[in-house]
Structures are given as C-alpha cells and as structure tokens.
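Have a look at the structure below, then the notes.
The values are calculated or read from the model by the stated rules, or taken from the named source; none is laboratory data. As the structure is a computational prediction, the values presented were derived from the model and not from experiment. A quick note on method: Cβ atoms are made from the backbone with ideal geometry, for glycine too, and the neighbour counts reach across all protein chains shown. To get the accessible areas, we keep the full protein, side chains included, count just its heavy atoms, and leave off ligands, DNA and RNA. Shrake-Rupley method; radii C 1.70, N 1.55, O 1.52, S 1.80 Å.
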Amino acid sequence: MSADALSQEALPYDDVGLLAGLASTRTIRRYRDEPVPERDLRAILFAATRAPSGSNRQPFRFLVLRDGPQARAAKRLIGQSALALWNEKRSRDGYDKGSGEDLSSPKARMAATMQHYVENLSTVPVLILPCLIRYRPATPSEGASIYPACQNLLLAARALGYGGAFTGWQHHVDEELHRLLQIPNDVVIAGTITLGKPAGAHGPVRRRPLDELVFEETWEQSPWWAVDPPGTSHTSAGPKS
Ligand SMILES: Cc1cc2nc3c(=O)[nH]c(=O)nc-3n(C[C@H](O)[C@H](O)[C@H](O)COP(=O)(O)O)c2cc1C
C-alpha cells in the first residue's frame, strides 16, 4: 500500500450509524494483539482532524506511536507512569474495600480491568498523543480546541470496530515525552489515547438518566421530553462505593 494508492481510496463504509455509535462508544481497555492497518488509521485520524476548533485554527496534532524505537520507549514511559498512578488511585479510592472485597462486584471487576490495562499499556497496538499547539497563554477554554477531535477519533474507531480509551496517563512524564519525541515546548500533550481491536464486545454507555442531566427554563427543572429511550443502561456518577 502506498500513499498514492491510498489517496485514491474513499473512506471505508461503516454501518453503525452516528447515533448508535455515540451511544456505544465505551472506553475499551483490553485489546487483541493485532496491529491497526494503515488504511484504518488513516480513516480514524481523518475523522479526528475534521473536528471543530476556535476560528478553525486547527491547533490539534496527533502523534501516533506504534512500534518504532521512539514509540516503544514512549509507551514504556507512559506505561510505568500509568502503573504508579493507578496503584495510588486504587488505594486512595478504596477499590479493594467495601463491595470491592467481592471479586465478582462491578468495583472489583473495574479494578481488575484497570490493573490489566496499565500492566499492558506499553504493548497496546496503537497509542496516540493528542497535542495542542498553544498560540497564546493558556486559557480555561483552550481544551475545547483539542478534546472534540479526541472524541471524533474514538467515535471513528468505534465505527470501524476498534475501541479506545482517553486517559491522562502522560501527565507525570510530560517533560520526558517532550524530549524523547522532540515535541516543541509550546505544544501541550493533552492526553493519551490507546487504540486496538477490543478483546470483548462493544456495549451501551451507562450514564445517569436523561432527566437528571437535562433542564429547561430553570435549574433542575426537567422537561417532560427528557426520557431515556428503551433499553438505556444507567449508572451513578463517579467511582463505585
Ligand atoms: C477527561 C477524561 C480523563 C480520563 N482519564 C482516564 C484515565 O486516566 N485512565 C482511564 O483508564 N480512563 C480515563 N478516562 C475514561 C473514563 O474513565 C471513562 O470515560 C468513564 O469512566 C466512562 O466510561 P465509558 O467511557 O466506558 O462510558 C478519562 C476520560 C475523560 C473524559
């Protein structure tokens, strides 16, 4: 496959449907040990880079890390950081206490998924660093020009049968990553996205019921039409107790 040949190819067809895809783009943290072909990476990154940004400045850049020497080193760095951060969170948020003592509880299963995720982060098929070129001093809303692109990326991955996770695992190794990957100082590494074929199946996202989240006219007044469609799965906010 060459760049010339690929430039003649339309994007792959997907039959998920935009709304169905939105409602089933869950965070996927377990991947099959399969590479992501360039054709699919191109489609996913094309979708990401079609995202909106302030004044259409397009300050987003995506650094794709697969299996080159720098990529392997960066994945290792982020993997070590993730392991340390997760261990801290696991004990701080009491993942092994309360209902977490029962290994079949949602809390314990989440902890097992996270443990597997961080232990295998350095060998995920693809790791992508979404970056923001800062053209003025940081503002509270600057993330609004990078995070929609990240969600586009995850939605496109979902459409093509891949799964991904947006995380902040890179924060503690930010300086090392800038050096290793020759990222300029005025560029912010805004997250870490991992990507691959899901080891399990896609499923519906779980959120609080629509009427708890949508108001009309005044605060906490839910409109009559704020009702979930049939089969909606719910969950409470935040870590499980
Ligand atoms: C701003 C943000 C930061 C996140 N950070 C992490 C993270 O550091 N590690 C991780 O495993 N997941 C992370 N996530 C994924 C969330 O945990 C996940 O989206 C949330 O629990 C809802 O689950 P779902 O995406 O499967 O519906 C993050 C998501 C967002 C939007």
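The table that follows gives values for the structure above.
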quantity: Computed helical MRE - 222 nm, the chain, DSSP H runs ≥ 4 contributing -39500 (n - 2.57), nearest 500; calculated: -10000 deg cm²/dmol
quantity: Kirkwood Rh (inverse of mean 1/r, distinct Cα pairs), the chain, angstrom; calculated: 19.8
quantity: Computed E for W219/Q80 - FRET, C-beta separation, R0 41 angstrom, nearest 0.05; calculated: 0.40
quantity: Backbone N within segment 104-141 under 16 Å of label point (7 Å from T49 Cα along the Cβ vector); calculated: 128-133
quantity: Carbon + sulfur, % of accessible area of segment 61-172 - ligands and nucleic acids excluded, 1.4 Å; calculated: 55
quantity: Loop-located trypsin sites (Lys or Arg not before Pro) in segment 84-155 whose Cβ has at most 16 other Cβ within 10 Å (DSSP); calculated: K97, R134
quantity: With at most 13 neighbouring Cβ atoms within 10 Å, loop chymotrypsin sites (Phe, Trp or Tyr not before Pro) (DSSP) excluded, longest segment of the chain; calculated: 14-134
quantity: Cut-off under 5 Å, modelled amide H: who pairs with V126 long-range; calculated: L195
quantity: Proportion of all alpha-carbon pairs of segment 116-241 beyond 27 Å (%); calculated: 38
quantity: Rounded to the nearest 20 debye, dipole of segment 43-149 from Cβ charges on Lys, Arg, Asp, Glu; calculated: 460
quantity: Along the chain, longest interval not containing exposed GluC sites (Glu not before Pro), exposed being DSSP loop plus at most 14 other Cβ atoms within 10 Å; calculated: 10-215
quantity: Distance in nm between pseudo-label sites at R32 and D174 (7 Å out along the Cβ direction from Cα); calculated: 3.7
quantity: Lys, Arg +1 and Asp, Glu -1 on Cβ, resulting dipole of the chain about Cα centre, debye, nearest 20; calculated: 500
quantity: Cβ-based charge dipole, the chain, positive-most Cα from G164, P184, P198; calculated: P184
quantity: Cβ-derived FRET efficiency at R0 22 Å, N185 paired with M114, nearest 0.05; calculated: 0.10
